[in-house]
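As structure tokens, the structure follows; a few thoughts come after it.
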Amino acid sequence: MEPGGGTLGSPDAGRVLAVDWGGKRFGIAVSDPTRLIAQPLVTLTRRARHRAPVAAIVELVARHQVTTVVIGLPLDLEGVEGESAREARALGEAVARRSGVSVTYWDERLTTAVALRSARAAGVSDRDSRERIDQMAAVAILQGWLDAQAGGTRGRGRGGTE
């Protein structure tokens, strides 16, 4: 594993897909092929007591010709990994195994709060737009990762490649 969230052996080009991990919903964002801009893609839903939507994520990876997947890592405010982070890592391992693409993790602390503020500023109701907010959180994760890669820094990344 490379400290700080880097991906060992990943290609430098091609689309990147980001997942905002959640207990019920998974916001998904994708980059353009040049890895400059993140855009919202879809929100996947997990039914109570069911597994994460690995097959749906793998299908999106194939459909959008993704070369790297970034999983938002839900850390607590002190940066410590808890149960949610372990589940996010398990999701990443399953996606890597089934898709064959590299997976890395990115600290997602406060991305949902940023997405909520952006949505409110745009006049979007929290209650009516949970799926859009999850997608916006995935965009924040992905854009942060893309910007850090373009700047040659590791930023808030964490945890390396699976």
> Can you spot a residue in the stretch 7-25 that is closer than 20 Å to residue 136 by Cα, of a type outside the set (Ser, Thr, Tyr), at pLDDT below 95 and open to solvent by 60 Å² or more (accessible area, probe 1.4 Å)?
Replying inline: yes
> Taking the stated definitions as given, is residue 51 out of contact with any Phe, Trp or Tyr (no Cβ under 6 Å at 6 or more places or on another chain), of a type outside the set (A, V, I, L, M, F, W, C), free of Cβ contacts under 8 Å to residues at least 60 places away in the same chain and assigned to a helix (DSSP H, G or I)?
Replying inline: no
>> Can you tell me which of (1) more than 21 Å from residue 136 (Cα to Cα); (2) touching a Leu at 6+ places or on another chain (Cβ under 9 Å) is the one residue 62 doesn't meet?
In response: (2)
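Scan the stretch 50-59 for residues that are under 19 Å from residue 108 (Cβ atoms) and open to solvent by 10 Å² or more (accessible area, probe 1.4 Å) and report the count.
Initially, the stretch 50-59 is screened for residues under 19 Å from residue 108 (Cβ atoms), giving 52-54, 57.
Next, from what is left, pick out any that are open to solvent by 10 Å² or more (accessible area, probe 1.4 Å): 52-54.
Matching residues across the stretch 50-59 total 3.
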>> over 27 Å from residue 118 (Cα atoms), touching an Asp or Glu at 6+ places or on another chain (Cβ under 7 Å) and at pLDDT 95 or above: which single residue out of 103, 58, 95 fits that description?
In response: 103
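Quick one: count up the residues across the stretch 30-45 that are open to solvent by less than 60 Å² (accessible area, probe 1.4 Å), touching a residue at least 40 places away in the same chain (Cβ under 8 Å) and more than 14 Å from the chain's Cα centre (by Cα).
Going through the stretch 30-45 one residue at a time, the tally reaches 1.
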> So, in the stretch 60-98, of the ones that are in a loop (DSSP other than H, G, I, E, B) and over 14 Å from residue 27 (Cα atoms), which residue ends up least open to solvent (accessible area, probe 1.4 Å)?
Replying inline: 79
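Residue under question is residue 117, and the condition is that it be surrounded by fewer than 16 Cβ atoms within 10 Å (Cβ to Cβ), in a helix (DSSP H, G or I) and modelled with pLDDT of 80 or more; does it hold? Steps first, answer last, please.
On the way: surrounded by fewer than 16 Cβ atoms within 10 Å (Cβ to Cβ): yes; in a helix (DSSP H, G or I): yes; modelled with pLDDT of 80 or more: no.
For residue 117, the condition - surrounded by fewer than 16 Cβ atoms within 10 Å (Cβ to Cβ), in a helix (DSSP H, G or I) and modelled with pLDDT of 80 or more - is not met.
The values are calculated or read from the model by the stated rules, or taken from the named source; none is laboratory data. Note that the structure is a prediction, hence the values are computed from the model and not measured. Every residue, glycine among them, receives a Cβ derived from its backbone with ideal geometry; neighbour counts consider all protein chains shown. Please note that ligands, DNA and RNA were not included when accessible areas were found on the heavy atoms of the full protein model with its side chains. Shrake-Rupley method; radii C 1.70, N 1.55, O 1.52, S 1.80 Å.
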